[in-house]
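Heads up, the thing below is written out as structure tokens.
The values are calculated or read from the model by the stated rules, or taken from the named source; none is laboratory data. Bear in mind the structure is a predicted one, so any value in this text is a computation, not a measurement. Here Cβ is always computed from backbone atoms with ideal geometry, including for glycine, and neighbour counts include all displayed protein chains. These accessible areas exclude ligands, DNA and RNA; they are computed on the full protein's heavy atoms, side chains included. Shrake-Rupley method; radii C 1.70, N 1.55, O 1.52, S 1.80 Å.
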Amino acid sequence: MNILFIIIGVVVGLLIGGLITATLLRKSVEKKAERILRDAESEAEVTKKEKMLQAKEKFLQLKSEHEQVINERNNNVLKSENRIKQKEGVVSQKIEELNRKEKELSTVRENLNTQLDLLNKKQSDLEQIKAQHAEKLEVISGMSALEAKAQLVDMMKSKATTEAANNIREIIEEARDTANLEAKKIVIKTLQRTAAEHAIENSVSIFNIENDEIKGRIIGREGRNIRALEAATGVEIIIDDTPDAIIISGFDPVRREIARLSLHQLVTDGRIHPARIEEVVAKVKKQIEQDIIEVGKRTTIDLGIHGLHHELVRLVGKMKYRSSYGQNLLQHSREVANLCATMAAELGLNAKLAKRAGLLHDIGKVPDNEPDLPHAILGMNLAEKFKEKSEVSNAIGSHHEEVEMATLIAPIVQICDAISGARPGARREIVESYINRLKDLEQLALSYPGVVKTYAIQAGRELRVIVGAEKVTDNEANTLASEISAKIQTEMTYPGQIKITVIRETRAISYAK
């Protein structure tokens, strides 16, 4: 029993101790919570004051900015008012001046009206006097005024007709005597004021190299590099014993220039193989096309010709790589343009329009496609297509008299074209006929189906015909060579013999990605 009581006492003591401890802990927690609340309230108060101060500062800042904007606006308004007042003062002065001038004009008007009244009165008096004199003359002469007037008019007409006929005859005779002299003077003055070069281009270009070792690299293994270059450019590469030089032969200056620039890039780069050759030739062709446009722009700027259509500018640049009877077409057109401007100025005509027509007169020789039309008609059609003035189009079309001349500029262009071509050494007929024969040779082979490219090389003694492998078989290639040779024998006139080489090449291309 004692142990039980002891245990119960211990348990009760523990319970009482736990209650006391829980009560003390609760009071401690409550005190801590109250302290935290007080701290939070004090911090909130501080934060509230800080926010209010910040808001007040922001308000003051906005207020000052607003006042500054208002002050600026007020200043602008004051300045505007001052300007308006100044303008009002100036306007008031002008109104006063106008009123004063109006008063002066009214005074002058009154004086003029008075003088007009006096003049009208005097004129009426004169009319009366004239009428009296006319009546007296009618009585004296026995004719009325109308009869006398008619007789006098008939006499004056007869006299005037006789004098006019004599003057016309004298003017015509004088014009006949002086026309040839004046025309010669104008032509001589035009020639004296225009200078031009007359270097005749040939069909060969020289590519200089540093040493003869490069020749072997250009030829390549078993000649594959030089064959690839000739096939890509359409010229003949002549590598002989000439020291430090390679000869590029071809009738087309554009092809020769492409070959020359391609060789330069290949030699400079050092990588020379068929794939690289084709890549470089493709890049050089784009470069030449850009150079053509730049040459056209530079030519129009040099001549002071503006507003030319960009396609006509490109065709002007293309003239650099064309020749007419051995004479460079661009130099010839520039010379004709300057001659036309000078002659038009001498005759008192539009020099700028004449210069424009002179520059474009041979534009029909360099079209992208070559229809069967005279170059003058083709040039006229191109000028009309690109909105050139009718005077320019007519001068282009009529400079070889294919169409009728409709303006005074047309004969000027015709004369200046003849002057430029007639200069000593300016043209060479043999070169032009030779180039035309090579062009006809290429066009003849190109007319066959399946033919991709044609190149006349070795001064026209060989014709290389490149056909598409997917369009022409090996057997058909042999037949094509025979057909082309037969057609050349039938339709063309040429010295010696022409070798026809048909090239059919199959390529398999794939890309590793």
Go through the stretch 322-350 and count every residue that is open to solvent by 10 Å² or more (accessible area, probe 1.4 Å), among the small types (G, A, S) and touching a Leu at 6+ places or on another chain (Cβ under 8 Å).
-> 1
Given the structure, is A469 modelled with pLDDT under 85, open to solvent by less than 40 Å² (accessible area, probe 1.4 Å), more than 40 Å from the chain's Cα centre (by Cα) and over 19 Å from Y321 (Cβ atoms)?
-> yes
Since E483 meets every condition but one in (1) open to solvent by 10 Å² or more (accessible area, probe 1.4 Å); (2) closer than 26 Å to I509 by Cβ, which condition does it not meet?
-> (2)
Assess whether M319 counts as being closer than 16 Å to P253 by Cα and buried (at least 20 other Cβ atoms within 10 Å of the Cβ).
-> yes
L105 passes all but one of the listed conditions (1) at pLDDT below 85; (2) over 60 Å from the mean Cα position of the chain (by Cα); the exception is number (2)
The number of residues in the stretch 203-215 that are closer than 13 Å to I272 by Cβ and surrounded by 12 or more Cβ atoms within 10 Å (Cβ to Cβ) is 3
With the first residue restricted to the stretch 462-476 and required to be within 16 Å of R507 (Cβ to Cβ), and the second required to be open to solvent by 10 Å² or more (accessible area, probe 1.4 Å) and among the small types (G, A, S), Cβ contacts under 6 Å at 6 or more apart or on different chains are V467/G450; G468/G450; K471/G450; V472/G450
Restricted to the stretch 266-281, and to residues that are in a helix (DSSP H, G or I) and in contact (Cβ under 8 Å) with a residue 24 or more places away in the chain, which residue is nearest to G223 (Cα to Cα)?
-> P274
Give the residue, chosen from E442, E432, that is part of a helix (DSSP H, G or I), of a type in the set (D, E, K, R), open to solvent by less than 40 Å² (accessible area, probe 1.4 Å) and at pLDDT below 85.
-> E432
Of the residues in the stretch 367-396 that are in a loop (DSSP other than H, G, I, E, B) and in contact (Cβ under 8 Å) with a residue 24 or more places away in the chain, the one that is farthest from E289 (Cα to Cα) is K389
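Here's the yes/no breakdown for (1) touching a residue at least 24 places away in the same chain (Cβ under 8 Å); (2) open to solvent by less than 30 Å² (accessible area, probe 1.4 Å); (3) part of a helix (DSSP H, G or I); (4) closer than 28 Å to N211 by Cβ:
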residue: L229; (1), (2), (3), (4): yes, yes, yes, yes
residue: I246; (1), (2), (3), (4): yes, yes, no, yes
residue: H264; (1), (2), (3), (4): yes, no, yes, yes
residue: K286; (1), (2), (3), (4): no, no, yes, no
residue: E289; (1), (2), (3), (4): no, no, yes, no
Out of curiosity, is Q128 modelled with pLDDT under 85, open to solvent by 100 Å² or more (accessible area, probe 1.4 Å), of a type outside the set (A, V, I, L, M) and out of contact with any strand residue (DSSP E or B) (no Cβ under 9 Å at 6 or more places or on another chain)?
-> yes
Can you find a residue in the stretch 369-383 that is modelled with pLDDT under 90, open to solvent by 60 Å² or more (accessible area, probe 1.4 Å) and among the acidic types (D, E)?
-> yes
Matching entry among R464, R427 (being outside any helix (DSSP H, G or I), of a type outside the set (V, I, T), in contact with a helix residue (DSSP H, G or I) (Cβ under 9 Å, 6 or more places away or on another chain) and at pLDDT below 85) = R427
Can you work out which of the residues in the stretch 448-461 that are part of a loop (DSSP other than H, G, I, E, B) and modelled with pLDDT of 85 or more is most open to solvent (accessible area, probe 1.4 Å)?
-> P449
